[in-house]
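Take a look at the structure set out below.
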Amino acid sequence: MSELKKIRELRNLTQEELAEKSGLSVRTIQRIEAGVQPKGYTLKTLALSLDVPESDLRIPEIPSPKEIEAEEIPEITEKEDPVNLTLVKLINLSSLPLAWFPVANILPPLLIMIFTKEKSQIVRQIISLQLFLAIISPVIFMIIVLFRPGNSAVLAVMVLLVLINMYIILRNTYEIDRKGRLYYKLNFSIL
């Protein structure tokens, strides 16, 4: 946004009102607001009409490349290779057949990641999530067993843990397919 437009809007003036007040044409005001640097008579007239110093109406100068110091130039970081989302979905779904066995369900995605050399952040998050579930599921199961609620309750907890893991895998696959990201992920990475 040009300096003139900012000041004009602060004064609650339309382009037509400013043109009438300054004696300049509406077209001149439009050109200045579009980026033309006001000079001489036009600059003085606008400054007087708006009751601002002339310097306030000038377009801030962009420093030349020589004026920019070396420390102001941001470092160029190496971009990651594009992620193969089909492979990422396959890595995520590879946990599904062993979802009933929490310790083993991290092996298929881990092996696929190693052999395909797909080590993107999203793949590391998938494996970290499965590793977290592989650790937390037996802990939850052992806590339930210690309460001795009965065989049917223990079986229900086992089935529920497997269903939760399957749901997480399938929901993440759906989200990868739609938006290219995970729906369920950790705020940290184990890998």
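The values are calculated or read from the model by the stated rules, or taken from the named source; none is laboratory data. Note that the coordinates shown come from a computational prediction; the quantities given were computed from them, not determined experimentally. FYI the Cβ positions are ideal-geometry reconstructions off the backbone, even for glycines, and counts take in every protein chain you see. Side chains included, ligands, DNA and RNA excluded: accessible areas come from the protein's heavy atoms. Shrake-Rupley method; radii C 1.70, N 1.55, O 1.52, S 1.80 Å.
Positive end of the dipole of the chain (Cβ unit charges, origin at the Cα centre): among Val159, Ser55, Ser128, the Cα lying farthest that way belongs to Val159.
Taking 17 Å as the straight-line reach from the Cα of Lys89, the lysines in range (excluding those fewer than 8 positions away in the same chain) are Lys117, Lys119, Lys179, Lys185. The accessible-area ordering, largest first, of the residues Leu24, Leu155 stands as Leu155, Leu24, per a 1.4 angstrom probe.
Estimated purely from DSSP H runs of n ≥ 4, each contributing -39500 (n - 2.57), the mean residue ellipticity at 222 nm for the chain is -19000 deg cm²/dmol once divided by its residues. Magnitude of the charge dipole for the chain, about its Cα centre and with charges confined to Cβ atoms of Lys, Arg (+1) and Asp, Glu (-1), is about 880 debye. Once the chain from Ile143 to Arg11 is taken as fully extended at 0.36 nm per residue, the excess over their C-alpha distance is 40.6 nm. Can you figure out the FRET efficiency of Asn84 with Ile190, using R₀ = 22 Å and their beta-carbon distance, to the nearest 0.05? For Asn84 and Ile190, the calculated efficiency is 0.50. Per residue, the average separation of C-alpha pairs within less than 8 Å and at least 6 apart gives the chain a relative contact order of 18 percent.
Here volume of the Cα convex hull per residue in Å³ was computed from the coordinates, and among [x] 123; [y] 250; [z] 164 the match is [y]. The convex hull drawn around the Cα atoms of the range 91-165, when projected onto a plane and averaged over every direction, covers 4.7 nm². Here's the list of lysines a cross-link from Lys21 could span, going by alpha-carbon distance under 22 Å and ignoring same-chain residues fewer than 8 apart: Lys5, Lys6, Lys39, Lys44.
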